[in-house]
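Working notes, structure below.
The values are calculated or read from the model by the stated rules, or taken from the named source; none is laboratory data. Quick caveat, the model's predicted, so the values are computed rather than measured. Neighbour counts are summed over all protein chains in view; Cβ atoms, including those assigned to glycine, are modelled from backbone coordinates with ideal geometry.
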Amino acid sequence: MVKYFRSLNGKRYPLPIFFPDATQAVVKTLDSLDIVNTQTPGVLVNTYHLYRELGGGLIKKFGGVRKFMNFDGPIISDSGGFQLMSLVKSKNGKGKVSDIGISFYPSKKRKILFTPEKSIDYQIKLKTDLIVVLDDFTPPTASYDEAKVTVERTIKWAKRCRETYDKYYKLGDGPYLIGVVQGGKYGDLRKYCAVKLAEIGFDGLGYGGWPIDENNNFDYRSAEIIAECAPDDYLLYGLGVGKPHEIVNLHKMGYQIFDCVLPTRDARHERLYVYNENSVKNIELNDDKFYSYYVPSKQKNYLLNEPVSKVCDCLLCKNYSKAYLAHLFRINDISAMRLASIHNLRFYSILMEKLGRVAGDKYIK
RNA sequence: GCACGGGUGGCAGAGUGGCCAAAUGCAUCGGUCUGUAGAACCGAAAAAUCACAGGUUCGAAUCCUGUCCCGUGCA
């Protein structure tokens, strides 16, 4: 099993590692120093969004996204494949998917064609430390036949991505190259996809698609199938995963890399994550419920002069009271979102620290 | 002082004779949030006898008269 995440500049970071989403090269409401101070090692940026907003010139001028956002830690990039769902496959989506790639119209005058080759080319320009193949997202509602189409296309595209990557680097020398497993809830498709991707050859596999069903249950089975099919020296990446207990469970299957919008989006929407213990040492990740949500201005007694969490050593918890944070949310000041985002990111970085030390085998529901 | 314009739920603001016990937005309350077109979205409740007094009319927030406020312009 891989023990460290290696960045392009040769630095090594302990696993597991969680990358908050800085889709447009910014974690909303935070700057790069804020991120460092939450002890979050790295961030994820999105190829599609950066390509759309910046094109290639500016990134080239800065020599990569790292220097552009002045962030020293590892940066990984998503291929833009997930945008299929929100931009093209959604009800109001304008654009289409063909074997060539994904075309989309961000405005009436502009058409963007995203191909596997283009995605890899651009990610390499971004100089990110881990890049992801362009995949064809399997919608959660897909029938077996529909899912199969996306899987076949995902495999074909993955091969083209690998070929493009090979023009720049030898696998193992450059940024990590991650294949993405589609197939929805169909176990045999997941297995087929994972095996085929491993034949092409990558540094790791990602658990792609939409892992939550209509009843909000996480699809652990698919995650497990992928983990079982992946070669031992592969990195396993839970794309878009997830809630803290979901990360704990995937980590037990061997997943080491995660990214998710939840901690930061929830923070902006006034949902803070709080460990149900008074010291980091006492946090028991195998407990059914080792954390709770805290919504500052919605508590019965919210004007309390005490920190949001006694476990936490973030900027918020070390300096400000629940009452003050509630006030900031009530007056809708942006600093409420910043402080909450900082807090939630520290929650996740503490989780990673705990996971790095604890190995269990029991699942949390 | 004169001339215009205006006074409608907590706030903003539609509506200019009947379909207006009065739209809508904000605020309030509840919920959702998983490779971020999200400081977003969904839902709910409550709240105005439409400045005041009189008049016209079968019927007025809506027309007329007077009074009181507010704004803009001119003296």
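Restricting to the range A:161-189, what's the tally of residues that are surrounded by fewer than 20 Cβ atoms within 10 Å (Cβ to Cβ) and assigned to a helix (DSSP H, G or I)?
Number of matching residues: 7.
For residue A:196, indicate whether it is basic (Lys, Arg) and either within 19 Å of residue A:119 (Cα to Cα) or touching an Asp or Glu at 6+ places or on another chain (Cβ under 7 Å) (or both).
Against the criterion (basic (Lys, Arg) and either within 19 Å of residue A:119 (Cα to Cα) or touching an Asp or Glu at 6+ places or on another chain (Cβ under 7 Å) (or both)), residue A:196 does not qualify.
Could you check the range A:26-36 and list, in sequence order, the residues that are of a type outside the set (Lys, Arg), more than 18 Å from residue A:63 (Cα to Cα) and within 14 Å of RNA strand B (Cβ to nearest atom)?
Once the filter is applied, which keeps residues that are of a type outside the set (Lys, Arg), more than 18 Å from residue A:63 (Cα to Cα) and within 14 Å of RNA strand B (Cβ to nearest atom), the range A:26-36 yields A:27, A:29, A:30, A:31, A:34, A:35.
Give me the strands (runs of 3 or more DSSP E) completely within the range A:202-313, filtered to those with at least 2 residues that are within 8 Å of RNA strand B (Cβ to nearest atom) and not aliphatic (A, V, I, L, M), ordered by residue number.
A:257-260
How many of the residues in the range A:39-62 are under 13 Å from the mean Cα position of the chain (by Cα) and of a type in the set (A, V, I, L, M)?
Total satisfying the criteria: 3.
Looking at residue A:105, is it among the hydroxyl-bearing types (Ser, Thr, Tyr), free of Cβ contacts under 8 Å to residues at least 60 places away in the same chain and within 20 Å of residue A:234 (Cβ to Cβ)?
no
Could you tell me whether the range A:61-68 includes any residue that is without any contact (Cβ under 8 Å) to a residue 40 or more places away in the chain, away from RNA strand B (no atom under 13 Å from the Cβ) and of a type outside the set (A, V, I, L, M, F, W, C)?
Looking for residues that are without any contact (Cβ under 8 Å) to a residue 40 or more places away in the chain, away from RNA strand B (no atom under 13 Å from the Cβ) and of a type outside the set (A, V, I, L, M, F, W, C), one finds at least one in the range A:61-68, hence yes.
With respect to residue A:203, determine if the residue is at pLDDT 95 or above and within 21 Å of the chain's Cα centre (by Cα).
Against the criterion (at pLDDT 95 or above and within 21 Å of the chain's Cα centre (by Cα)), residue A:203 qualifies.
Might you let me know whether the range A:3-25 holds any residue that is within 26 Å of residue A:355 (Cα to Cα), touching a Lys or Arg at 6+ places or on another chain (Cβ under 7 Å) and within 16 Å of RNA strand B (Cβ to nearest atom)?
no
May I ask you to list the residues in the range A:41-88 that are hydroxyl-bearing (Ser, Thr, Tyr) and crowded, with 24+ Cβ neighbours inside 10 Å?
Across the range A:41-88, the qualifying residues are A:47, A:48, A:77, A:79.
Which of the following residues is in the same structural domain as residue A:204 (by TED's automatic domain parsing), touching a helix residue (DSSP H, G or I) at 6+ places or on another chain (Cβ under 6 Å), part of a helix (DSSP H, G or I) and more than 9 Å from RNA strand B (Cβ to nearest atom): A:120, A:131?
Matching residue, one of A:120, A:131: A:120.
If the requirement is being of a type in the set (Ser, Thr, Tyr), in contact with a helix residue (DSSP H, G or I) (Cβ under 8 Å, 6 or more places away or on another chain), assigned by TED's automatic domain parsing to the domain that holds residue A:136 and within 22 Å of residue A:353 (Cβ to Cβ), which of these qualifies: A:220, A:237, A:273, A:255?
Only one candidate qualifies: A:255.
Assess whether residue A:138 counts as being within 26 Å of residue A:255 (Cα to Cα) and at pLDDT below 95.
Yes: the conditions hold for residue A:138.
Can you name every residue in the range A:211-245 that is out of contact with any Phe, Trp or Tyr (no Cβ under 8 Å at 6 or more places or on another chain), in contact (Cβ under 8 Å) with a residue 40 or more places away in the chain and closer than 19 Å to residue A:146 by Cβ?
Answer for the range A:211-245, where residues must be out of contact with any Phe, Trp or Tyr (no Cβ under 8 Å at 6 or more places or on another chain), in contact (Cβ under 8 Å) with a residue 40 or more places away in the chain and closer than 19 Å to residue A:146 by Cβ: A:213, A:214.
If you check residue A:316 against the conditions, is it out of contact with any strand residue (DSSP E or B) (no Cβ under 8 Å at 6 or more places or on another chain), outside any loop (DSSP other than H, G, I, E, B), at pLDDT 95 or above and outside the structural domain of residue A:40 (by TED's automatic domain parsing)?
yes
Do we have residue A:66 as among the basic types (Lys, Arg) and more than 27 Å from residue A:118 (Cβ to Cβ) here?
For residue A:66, the condition - among the basic types (Lys, Arg) and more than 27 Å from residue A:118 (Cβ to Cβ) - is not met.
Limited to the range A:37-57, what total is found for residues that are β-branched (Val, Ile, Thr) and either more than 12 Å from residue A:259 (Cα to Cα) or within 9 Å of RNA strand B (Cβ to nearest atom) (or both)?
3
Just checking, does the range A:322-336 include any residue being under 30 Å from residue A:3 (Cα atoms) and either surrounded by 15 or more Cβ atoms within 10 Å (Cβ to Cβ) or within 13 Å of RNA strand B (Cβ to nearest atom) (or both)?
Within the range A:322-336, none of the residues are under 30 Å from residue A:3 (Cα atoms) and either surrounded by 15 or more Cβ atoms within 10 Å (Cβ to Cβ) or within 13 Å of RNA strand B (Cβ to nearest atom) (or both).
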